[in-house]
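Asker: Starting off with a structure, shown below.
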């Protein structure tokens, strides 16, 4: 049986197709990302604009053709923070359904956090005694605290790289130095205020290992790992990072130093920062500061990127609902 998952986030739409072989076995057949920023402006205007909606319809129409090509049996379509926030979310969902036949389910922040944690736990063989799962998206951040593979606490916070960029635009160059410094102070104050619940729950406990998913932490991991590889003249590792960067590690001190450097980085510096996608340049500063503040509260020492995502939790949950006869469907589709 072939299942597809469409994940509409704030920054991008991700499409994945899985071959489900048994209740405990599935393989990724196809994946693609359209970084069209469907949530641009939504956190300042409160609506998904016409241009973004047109881009969404175009992407969903494309995925419909891909689904037909790959003989997909069922598609699960979900949306997260951008549509949770938008006042016109019902109109957006209705228009996409009318034009593409895809019915979007807007999931809650709590459900998003649960599914992300489910995907990481299922796909991570070894974990320290205590660790934290952190997914920094464009519009929200999901955090789960884990001990001995049991989720102690999960929560979704209205903090994301795109949301914070819209709320605090002067953190990016070419703002005047004094304006930028003041904006960054306000940004940090906002983040800390929103993370009060996390601080109270942690209550001084240490979560020394942080596993991060989504684009922000992967970008940070690539930047820091490529920097180290250049210093060590490790050409093979540089090539590996350029092609695939699913699992990278770095320390909290390295993260803090990068955050400090980015606070005063010019446009030119960001343009030539190795490992940073062009479409993520205007979000890397608020995203890095957000990750730094989270890691500080958790007393984290090491951070690790993960290939897991919300889609992993979705596909696992969907497989659990299937009947035995569903697995007898032909898996020889092309």
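The values are calculated or read from the model by the stated rules, or taken from the named source; none is laboratory data. What you are looking at is a predicted structure, and each value in this text was computed from that prediction instead of being measured. Backbone-built Cβ (ideal geometry, glycine too); neighbour counts: all protein chains shown.
Asker: For region 34-50, name all the residues that are over 19 Å from residue 169 (Cβ atoms) and surrounded by fewer than 17 Cβ atoms within 10 Å (Cβ to Cβ).
Answerer: Answer for region 34-50, where residues must be over 19 Å from residue 169 (Cβ atoms) and surrounded by fewer than 17 Cβ atoms within 10 Å (Cβ to Cβ): 35, 50.
Asker: Same structure again: From the set of residues in region 8-28 that are free of Cβ contacts under 8 Å to residues at least 60 places away in the same chain and surrounded by fewer than 17 Cβ atoms within 10 Å (Cβ to Cβ), which is nearest to residue 158 (Cα to Cα)?
Answerer: Taking region 8-28 first, the residues free of Cβ contacts under 8 Å to residues at least 60 places away in the same chain are 13, 15, 17, 24-25, 27-28.
Still in the list and also surrounded by fewer than 17 Cβ atoms within 10 Å (Cβ to Cβ): 24-25, 27-28.
On the way: 24: 34, 25: 34, 27: 32, 28: 30 Å.
The selected residue is 28.
Asker: Within the group 285, 314, which residue is outside any loop (DSSP other than H, G, I, E, B), more than 29 Å from residue 173 (Cα to Cα) and in contact (Cβ under 8 Å) with a residue 60 or more places away in the chain?
Answerer: Testing whether each residue is outside any loop (DSSP other than H, G, I, E, B), more than 29 Å from residue 173 (Cα to Cα) and in contact (Cβ under 8 Å) with a residue 60 or more places away in the chain leaves just 314.
Asker: How many residues are farther than 23 Å from residue 142 by Cβ and assigned to a helix (DSSP H, G or I) if we restrict to region 60-84?
Answerer: 10
Asker: Can you tell me which residue in region 288-311 is modelled with the lowest pLDDT, limited to those that are closer than 30 Å to residue 1 by Cα and either out of contact with any helix residue (DSSP H, G or I) (no Cβ under 7 Å at 6 or more places or on another chain) or part of a helix (DSSP H, G or I) (or both)?
Answerer: Out of the qualifying residues, it is 307.
Asker: Can I ask one more? Restricting to region 114-133, and then to whatever is crowded, with 19+ Cβ neighbours inside 10 Å and farther than 17 Å from residue 311 by Cβ, can you tell me which residue is farthest from the chain's Cα centre (by Cα)?
Answerer: 131
Asker: Could you please find all residues in region 21-50 being assigned to a strand (DSSP E or B) and in contact with a helix residue (DSSP H, G or I) (Cβ under 6 Å, 6 or more places away or on another chain)? Break it down into steps so the answer makes sense when it comes.
Answerer: Pass one, region 21-50, residues assigned to a strand (DSSP E or B): 21-22, 25-34.
Selection gives 22, 34.
Asker: From 81, 108, grab the single residue that is surrounded by fewer than 20 Cβ atoms within 10 Å (Cβ to Cβ), under 29 Å from residue 153 (Cα atoms), modelled with pLDDT of 90 or more and within 21 Å of the chain's Cα centre (by Cα). Even if it seems obvious, please write down each step before you answer.
Answerer: Numbers: 81 fails: surrounded by fewer than 20 Cβ atoms within 10 Å (Cβ to Cβ).
That would be 108, the only listed residue that is surrounded by fewer than 20 Cβ atoms within 10 Å (Cβ to Cβ), under 29 Å from residue 153 (Cα atoms), modelled with pLDDT of 90 or more and within 21 Å of the chain's Cα centre (by Cα).
Asker: If you go through region 130-149 one residue at a time, do you hit one that is without any contact (Cβ under 8 Å) to a residue 24 or more places away in the chain and outside the structural domain of residue 24 (by TED's automatic domain parsing)? Working first, answer last.
Answerer: The initial filter retains those residues of region 130-149 that are without any contact (Cβ under 8 Å) to a residue 24 or more places away in the chain, namely 147-148.
Narrowing further to those that are outside the structural domain of residue 24 (by TED's automatic domain parsing): 147-148.
Yes, region 130-149 has at least one match.
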